[in-house]
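The values are calculated or read from the model by the stated rules, or taken from the named source; none is laboratory data. Being a predicted model, the structure only gives us computed values, none of them experimental. Cβ: placed from backbone, ideal geometry, glycine included. Neighbour counts: every protein chain shown. Accessible surface is based on the protein model in full, side chains and every heavy atom, while ligands, DNA and RNA are left aside. Shrake-Rupley method; radii C 1.70, N 1.55, O 1.52, S 1.80 Å.
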Protein chains: 14
Amino acid sequence: MDNTSLIAMASIISAGLCIGLGAIGPALGEGRAVAQALSSIAQQPDETNTITRTLFVGLAMIESTAIYCFVVTMILLFANPFWNYVISKAGG
Amino acid sequence: MDNTSLIAMASIISAGLCIGLGAIGPALGEGRAVAQALSSIAQQPDETNTITRTLFVGLAMIESTAIYCFVVTMILLFANPFWNYVISKAGG
Amino acid sequence: MDNTSLIAMASIISAGLCIGLGAIGPALGEGRAVAQALSSIAQQPDETNTITRTLFVGLAMIESTAIYCFVVTMILLFANPFWNYVISKAGG
Amino acid sequence: MDNTSLIAMASIISAGLCIGLGAIGPALGEGRAVAQALSSIAQQPDETNTITRTLFVGLAMIESTAIYCFVVTMILLFANPFWNYVISKAGG
Amino acid sequence: MDNTSLIAMASIISAGLCIGLGAIGPALGEGRAVAQALSSIAQQPDETNTITRTLFVGLAMIESTAIYCFVVTMILLFANPFWNYVISKAGG
Amino acid sequence: MDNTSLIAMASIISAGLCIGLGAIGPALGEGRAVAQALSSIAQQPDETNTITRTLFVGLAMIESTAIYCFVVTMILLFANPFWNYVISKAGG
Amino acid sequence: MDNTSLIAMASIISAGLCIGLGAIGPALGEGRAVAQALSSIAQQPDETNTITRTLFVGLAMIESTAIYCFVVTMILLFANPFWNYVISKAGG
Amino acid sequence: MDNTSLIAMASIISAGLCIGLGAIGPALGEGRAVAQALSSIAQQPDETNTITRTLFVGLAMIESTAIYCFVVTMILLFANPFWNYVISKAGG
Amino acid sequence: MDNTSLIAMASIISAGLCIGLGAIGPALGEGRAVAQALSSIAQQPDETNTITRTLFVGLAMIESTAIYCFVVTMILLFANPFWNYVISKAGG
Amino acid sequence: MDNTSLIAMASIISAGLCIGLGAIGPALGEGRAVAQALSSIAQQPDETNTITRTLFVGLAMIESTAIYCFVVTMILLFANPFWNYVISKAGG
Amino acid sequence: MDNTSLIAMASIISAGLCIGLGAIGPALGEGRAVAQALSSIAQQPDETNTITRTLFVGLAMIESTAIYCFVVTMILLFANPFWNYVISKAGG
Amino acid sequence: MDNTSLIAMASIISAGLCIGLGAIGPALGEGRAVAQALSSIAQQPDETNTITRTLFVGLAMIESTAIYCFVVTMILLFANPFWNYVISKAGG
Amino acid sequence: MDNTSLIAMASIISAGLCIGLGAIGPALGEGRAVAQALSSIAQQPDETNTITRTLFVGLAMIESTAIYCFVVTMILLFANPFWNYVISKAGG
Amino acid sequence: MDNTSLIAMASIISAGLCIGLGAIGPALGEGRAVAQALSSIAQQPDETNTITRTLFVGLAMIESTAIYCFVVTMILLFANPFWNYVISKAGG
């Protein structure tokens, strides 16, 4: 249980929980937005263009929070500054 | 309980929780979107094409958060940088 | 409590929780979609074909998140790279 | 507390939780679908056939997630690859 | 705290939690289905036969998830492969 | 803290939790079914017989999940195979 | 911390939690049933007899789950087979 | 930390949790029943007698689950069989 | 950490949790009953007397569960039989 | 970690949790009652006096559960019988 | 880890949790009351004075539970009897 | 792990949780009040002044609970009496 | 595990949880307020100016609770009085 | 387990949880706002411009809480003052 393995363990657990938890909110939020978009199209077919455009902008906005989580997960796995430090120290 | 097994354990637990938790949100969100799509088709059959198209784009968007989780799970299992490091060190 | 048994324990626990948790979301989401499909058929019987077709596509989409969990569970049980490594090392 | 008993304990606990948790979602989802089916039949008796057929397909789909859990539970109890390994090693 | 008692403890705890948790979902789902059936009968008395028949098929389906849990509980208590192994080893 | 007392403790705790948790779902489900039955009788007094009959069948079905829990609790307390084994071994 | 006190502790804790948890569900379920009965009487005063009779049968059914918990609690406190065993062994 | 104090601690904690948890359900259930009774009286003043009588029977039924908890709490505090045993043994 | 302080600690923690948890349910239940009473008075001012009388009986019933908790808390603090025993033994 | 500090710690933690948890229920219950009172006044301004009087009696009743918690908190902090005992013993 | 620091730690943690938890209920309750007050003013502008007066009395009542928590927090931080005792003993 | 660092750790954790938990309630309560205010303005534009005034008073009231938390957090960080004591003792 | 690293760890964990938890409430509250604002604009377009102005004041108020959390997080990371103390002591 | 690795572990775990938890609230809040915007556009197409503008301002406001979390996560990973200190000390 030296430094290297402790930091690796923390990174692996944290990466899994980060995207695992972070996918719940955006998926529910997008589900709500898409559901309402379909309801609005059915109610006002003439506004399909406006509704679809607003929906896509909104989905991009919501998706951004999932992407924050994904980016942090990728950083933890592949560009982890703490890991790089202990590796360089272990290899030095 | 050497380094190798600790990192392997952390990866296994993290992979299972990541996709296990990450499947809840998208499934509920897609369920809501599909349910509303069916309701909208029943209410406005003439707009079936528009509704179906918007639904599929939305489902793809929601599915993307599940796919983030799946990708991270696969990385943790098969392309785990921390595992590769300790294996190469153990084998070197 | 050598390496072999630790990794085996982690794999078993993780496999059970992964599919156990991952079955909740899809089941609820599909239940909602099916319920709304039945309601829509009752409301608009003439659109049964469209509704059923959209329902099946949606169910397949939702089921996919359950299948991700099932695939990861199977990988953890039968194609576990960490287990293969320690077995090959123990047997070598 | 040798390897054999640790893996047996993990398998037993994991099997119990897997089906225990995994039965909640499908039961609730099927309950919702059946309830809506009955409501739809009462509202549109002429469509009983279509509704019943769609209901059964949907129930089968939802039941599949419970069956995934049941299959994993059975594998953990009766075809557990990790248990087989330690048994063969203990008996060899 | 030898192997025998550890496996016995794990089996007892797991059996209790498995059926304890697994009874919540089916009971709620069946309660919902029965409630809706009664409401539908009151609304459309002429369809009592169809509603009752569909209800019983649905209840059987929902009950199946509770029965999965009950079966696993019984297996854990009376046909536990891990217990049989350690008993045979202890008695051999 | 010998084997006997460990298994006795596990059985006692598991029995209490099993029926304690397992009574929540059936009680809520039956409460919902009874409430809807009363509402349906008030709405359609002429169907009292059909409603009452369906209600009792449904209640029996829901009660069955509580009875599963009660049976397992009784088995854990009075016909516990693991307890019988350690007693017979201790007394032998 | 001999066997006697361990089993006594487990029985006390388990008895308290069993009836403490097990009273929540029945109380909520009965509250719902009573509330709906009062609403139905106000809506259809002529059916007071039928409603009251159905209510009492339903309440008895729901109360049964609370009684299961109470019975198990009493068994754990006053007819505990594990306690009887260790007492007889300690006194023998 | 001898037997006496362990059993005393377990009894105290269990008594507090038992009535603390067990008061939540009955209070909510009675609140719902009383609220509906007031609503029904306002809606159908001529049935005040029937409503009040049914309400009191229902409240007594719901209160019974709280009384189960109270009785168990009192038994744990003042007629605890395990405590009596260790006291008699300590004093003997 | 002798017997006296252990029992004192358990009593203090248990007393705080007992009334802390036990106040949640009655407060919510009474809030619901009072809210409905005000709504009913506004809807049917002529029945103010009946509504107020029924409300007060109901509030007393709900308050009784809070009083159970308060009584147990007071017993734990000022008439604790376990504390009296250890004090008398310590002082004897 | 002598007796004095253990009892002091338990009293401090218990006092904080007791009023911290115990304030949630009454605040929500009172919020509901006040909200409904305002709604009723807007709906039936002529009954403002009756509504306000009933509201204040109800608020006092709900507040009583918060006051129970506050009283217990004050007793734990300033009239704690267990603390008095250990202090008198420590000072004697 | 002498007495002084243990009591200080318990006081700090308890103070933070007490006001942190205790602020949730009052804030939600007041939000509900204010929201309904605004709705009532919009519905019945002529009763603005009565509504506002009742609102302020109600808010004061709800705020009182938050103030209980704040008072206890302040007592724990600045007038803590247990801290005063250990300080005086440490300084004596 | 001397006294200084223990009290510092407790203060830091407690400060973070206090404002972290304490911000949830007020934010939700204010969101509800603001939402209703906007709805009321849209419904009764002539009463905008009264509504806005009442809203601001209400928001100030709700904000006060967040401010209690903030004040306690600031006290814990910058005017912590326990920290001052140990610092003065350490420096004395 | 000297003082410096303990305080650093506590600060890091506390900072992450503080803003992580503290962002949930404001985001949900603002989402509700914005949603209602859009609904009110659609319902009463002539009041867009008043609605938007009230919305922005309200959003600022809700945002303030998020900002409290952010400020505390920044203080914990960059102006932590406890960290400054141990650093100065370590460097002195 | 020296200082360096402890602080690195705390930073990694805290970063993952911070953005993982912090993404839930904003995603749900934005989902609600977008859904209502689409509903409002369908209801009042002439106000599309105002609605879209208000929506974007609101989304930016809600997104800000997610960005707070993201900023804190980035600070914890790449500009962590505690890490910089221990690194400089370790390297000095």
Note to self: C-alpha centroids of region K:1-68 and region B:4-46 sit apart, in Å, by 37 Å
Here the relative contact order (percent) of region E:3-91, from C-alpha pairs under 8 Å and at least 6 apart, is 52 percent
The pairs in A:K89/M:K89; M:K89/N:K89; G:K89/I:K89; A:K89/N:K89; I:K89/J:K89 lying past 18 Å Cα-Cα in this model are A:K89/M:K89; G:K89/I:K89
If one builds a Gaussian network model of chain F from Cα atoms under 10 Å apart, the most fluctuating residue listed among F:S14, F:S40, F:S64 is F:S40
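Using a 1.4 angstrom probe, figure out how much accessible area region N:17-91 has per residue, in square angstrom, rounded to the nearest whole.
Per-residue accessible area for region N:17-91 comes out at 31 Å².
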The answer for the net charge of residues other than H:E47 whose Cβ lies under 14 angstrom from its Cβ, with Lys and Arg +1 and Asp and Glu -1, is -3
Scoring only Lys, Arg, Asp and Glu (+1, +1, -1, -1) among other residues with Cβ under 15 Å from the Cβ of H:T65 yields -3
Interface buried area J-I, accessible surface with 1.4 Å probe, both sides summed, nearest 100 Å², comes to 3900 Å²
Mean-square fluctuation maximum in Gaussian network of chain C, Cα pairs under 10 Å, restricted to C:A23, C:A66, C:A79, hits C:A79
Share of accessible surface on carbon and sulfur in chain B, whole %, 1.4 Å probe and ligands ignored, is 61 percent
